[in-house]
1. Region B:118-135: which residues show an accessible-area loss of 50 Å² or more, assembly versus chain alone, 1.4 Å probe?
2. In terms of the Cα gyration tensor, with a ≥ b ≥ c the square roots of its eigenvalues, is region B:89-156 rounded because a/c is under 1.5, prolate because a/b exceeds b/c, or oblate?
3. Using 0.36 nm per residue, how much length does the chain from A:ALA63 to A:ASP110 gain when fully extended, once their Cα-Cα distance is taken away?
4. Taking θ = phi - 60°, what integer Hz values does the Karplus form 6.51 cos²θ - 1.76 cosθ + 1.60 yield along region A:122-133, in sequence order, with x for Gly and Pro?
5. Can you list the residues in region A:2-30 whose accessible area drops by at least 50 Å² when all protein chains are present, compared with the chain alone? Use a 1.4 Å probe, heavy atoms only.
6. What is the local net charge at A:PRO93, summed over the other residues whose Cβ is closer than 12 Å to its Cβ (Lys, Arg +1; Asp, Glu -1)?
7. Label points 7 Å out from Cα along the Cβ direction at A:ARG56 and A:ARG4: separation in nm?
8. Leaving out ligands, DNA and RNA, and with a 1.4 Å probe, what % of the accessible surface on region A:89-156 is carbon or sulfur?
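The values are calculated or read from the model by the stated rules, or taken from the named source; none is laboratory data. Quantities reported herein were computed from a predicted structural model and do not represent experimental measurements. Using ideal geometry, Cβ is built from the backbone for each residue, glycine included, and neighbour counts are taken over all protein chains shown. Heavy atoms of the whole protein, side chains included, go into the accessibility calculation; ligands, DNA and RNA do not. Shrake-Rupley method; radii C 1.70, N 1.55, O 1.52, S 1.80 Å.
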2 protein chains.
Amino acid sequence: MPLRSDWSELMCPVGRALDVLGDPWVVLLMRDALHGRRRFEEFKESLGISDAVLSRRLTGLVASGLLEQQPFEGDGRARHVYVPTAAGADLLPILQSLAIWAEKHTELPDGGAHMALIHETCGRETTSADTCSACGEPLRAEEMSWDKPWKAERVRLSGATTLEA
Amino acid sequence: MPLRSDWSELMCPVGRALDVLGDPWVVLLMRDALHGRRRFEEFKESLGISDAVLSRRLTGLVASGLLEQQPFEGDGRARHVYVPTAAGADLLPILQSLAIWAEKHTELPDGGAHMALIHETCGRETTSADTCSACGEPLRAEEMSWDKPWKAERVRLSGATTLEA
DNA sequence: ACACCTCGCTTGCCTCAAGAAAGTGATCTG
DNA sequence: CAGATCACTTTCTTGAGGCAAGCGAGGTGT
């Protein structure tokens, strides 16, 4: 008797998606990964997630094929980085449709501001999650920036298996 | 110290969306609600969810403003129905982007088949979650059918506050 | 050489939710 | 009046979340 139901065998694709994405930490981690975060400490600091949960989630995401663990010799010590796979990068429309929905239907916290999804290829804001509403091209992670005014920086996303974040 | 973090105050809209949608039952319930399911027993039979969890989730969804409880005098007894609000109907792009992702990146179970998203207004399949890839119009729940071949029926969705499901 | 730090985990503890099953009460049916 | 249906509520066990501490490998400072 599992605590959490197993939805991997459901006919409906929404159910199967939730078998992987039904955990909110998973979604936040993938958002961060597409924002160029790669290392354990980066995720931890960004999310305020506990060590134990982060470790479990990263392992699970590698097992699910959304992240790939790569060796990394940054400063001489062998560390490793977690890089989105193609399946992970394809979560972009899901993340953006969540963002669009929340912009419309949840309340901005104090000091918040509208986040714009910028298609860098054409330079304009898109109001669609998967196809640029300005130029009509399909949106790819490495061609997007999320303009977060409260951060005074436009965050360029990075796609699958890119290391120069 | 809550068991589940509170993300309602986050700057990033993805976090705020997950504060409501971070529970997989919530997403499945809203999918069913947009498929025209309205009553406690309908959700229960469709999802195999336990009474206790279903009751809690429905209460929560009403509190979150995704469902509205309406009186219903179907057969003389006073029952009530749970109907999607406008915010609930606006989850359509999220559900569809989940479905599109899973069609591409999860394995079909035995006897499964491709589910097509049909824009009934133009009669064609869309490959975008929020804007019809065939005719370019924004997708609205009550204009969509999900063609589930394993069910031998095309399921017409229903939008907000519609009772004739 | 030795103390100390950083990073990526792991372990232990406590609380609280998930899930299964049974109970409840209001209303209808035979 | 016995039984069924519906929408919950209650009880119970299991296990995940969050916090804090520990740990081990590989730095750095003096």
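1. B:ASP130
2. In terms of gyration-tensor shape, prolate.
3. Values: separation 47, 0.36 × 47 = 16.92 nm, distance 3.82 nm.
Stretched out fully, the A:ALA63 to A:ASP110 stretch lengthens by 13.1 nm.
4. 10, x, 10, 7, 10, 10, 9, 7, 10, 9, 4, 6
5. A:TRP7, A:MET11, A:CYS12, A:PRO13, A:VAL14, A:ARG16, A:LEU18, A:PRO24, A:LEU28
6. Neighbour charge sum, excluding A:PRO93 itself: -1.
7. Result for the modelled spin labels: 0.8 nm.
8. After summing per-atom areas, the C and S share lands at 46 percent.
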